[in-house]
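Okay, structure first, notes after.
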Amino acid sequence: MEQLLNYFGENMEMIYFLILAVLLGVEVISNVPAILHTPLMSGANAIHGVVVVGAIIVMLHAAPDNYLALTVGFLAVVMGTLNVVGGFVVTDRMLEMFKKKPKKS
Amino acid sequence: MISLNILEICYLFASLTFVIGLKMLSHPDTARKGNLFAAAGMLVGILATLTLYQTFDPDKMVNYILIGLGLLVGSVIGTVMAKKVKMTAMPQMVSFFNGMGGACAALIAIIEFQHHDPAMVSSLLNGEMLVMLMGLVIGGVSFSGSMVAYGKLEGKIKDKTLPFNQIINNSLFLVIIILIIILMTGQSINNPLFYVLMVLALIYGILFVMPIGGADMPVVISLLNSFTGIAAALGGFLYGNKAMLTGGILVGSAGTILTILMCKAMNRSLLNVLLGAFGGTAGGVGKSA
């Protein structure tokens, strides 16, 4: 238990950061019109693709002869990139569709 | 040392673009720009990690090639899938990409678990282990849940409700928590229970989404979206990586609020949606929405 508390003590700065980010997220999202719910979800989906940065770090850490880590890490990089690239492209297509509608009417 | 400082500044920039991008995404006029803005920040973050995180090490050529290959393969497949998908099939596409992110977070936790140095810790009862295990569980649930949601919206998986589904889910959740406690208080580092935990998390994700009806799927996808965000943030915590932390937690909290807003738009509560398959009558009004 002491170790757990120590960990929290050492990372207090990060924990502050985390809590403030949570509040910021709530604040940023409020007042969003209902039509934008799906594109916003999709955009947020692309943003959490930052995990790919973690996957790249894992790969940079891995020893060149640790084939298991390399294989799993490679998979992680592919999946993370899918999340980022696919997410942003899908969101862009959705929003493109939104833009055309008001012009027609 | 200079390069590491530049890296931190790049992460700061990326974090800022995520916040501002998300803000712009919530207004109709600026939404598209916001998306591109966040994408640009992401690109900076990824490129900075690639070039500045570590001084170039010729011995690790294989690693660099594999990273490059992974980025290339992911980008090509992602772009093709996202461009080809029909407009009506967008939600399941989002769900699919979300699942990929969850899987990525879980895989990171698995590799880090194997790297975990037994000599470094006297006991496993430490925060790093907790962060790792939670990353594994949340990432795993998000992955399998998103895949089921994807399959259901594609019409590949039929709605199925196990008898006593709710009770099974809750007891499974309890088992997962107990396993986390066992893993943390245990002394052996390569505990096979870790993989049992992984499998249970995957099963929980499936059972979690299985009974939820098709009309409520966007809400569930949004919820799983925020799960993946939290998993990404946990990864950021593990590495002390601020870009991952901001991006992840921002999506985690914004996603949760968005989920609640979506429920409100359908005149229902989140609990009602999640239990909809069992409540039956209470969900009847919202089903048409």
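Any read-out appearing in this document is the output of simple, stated calculations on the displayed coordinates, not a laboratory observation. Note that the structure is a prediction, hence the values are computed from the model and not measured. All Cβ positions, glycine included, derive from the backbone under ideal geometry; neighbour counts span all protein chains shown.
Remark: pairs (first residue in segment B:247-270, closer than 30 Å to A:V53 by Cβ and within 7 Å of chain A (Cβ to nearest Cβ); second residue surrounded by fewer than 22 Cβ atoms within 10 Å (Cβ to Cβ) and not hydrophobic (A, V, I, L, M, F, W, C); Cβ separation under 6 Å; 6+ apart in sequence or on different chains) = B:M262/A:H37.
Before we move on, is A:E13 more than 23 Å from B:F113 (Cα to Cα) and of a type outside the set (S, T, N, Q)?
When the stated conditions are applied, A:E13 passes them.
In the set B:S171, B:S146, only one residue is of a type in the set (G, A, S) and within 14 Å of chain A (Cβ to nearest Cβ); that residue is B:S146. Considering segment B:215-240, the residues that are among the β-branched types (V, I, T) and under 14 Å from the mean Cα position of the chain (by Cα) include one that is nearest to the other protein chains (Cβ to nearest Cβ), namely B:T228.
Quick check on B:A243: is it over 14 Å from A:T38 (Cα atoms), out of contact with any Leu (no Cβ under 7 Å at 6 or more places or on another chain), facing another protein chain (nearest Cβ under 7 Å) and of a type in the set (A, V, I, L, M, F, W, C)?
Details: over 14 Å from A:T38 (Cα atoms): yes; out of contact with any Leu (no Cβ under 7 Å at 6 or more places or on another chain): yes; facing another protein chain (nearest Cβ under 7 Å): yes; of a type in the set (A, V, I, L, M, F, W, C): yes.
Spelling it out, B:A243 is indeed over 14 Å from A:T38 (Cα atoms), out of contact with any Leu (no Cβ under 7 Å at 6 or more places or on another chain), facing another protein chain (nearest Cβ under 7 Å) and of a type in the set (A, V, I, L, M, F, W, C).
Selection over segment A:1-34 of residues that are more than 7 Å from chain B (Cβ to nearest Cβ) and closer than 26 Å to A:L82 by Cα gives a count of 0. When segment B:185-241 is filtered for residues that are closer than 20 Å to B:A109 by Cα, aromatic (F, W, Y) and in contact (Cβ under 8 Å) with a residue 40 or more places away in the chain, the ones remaining, listed by number, are B:F194, B:Y204, B:F227, B:F237.
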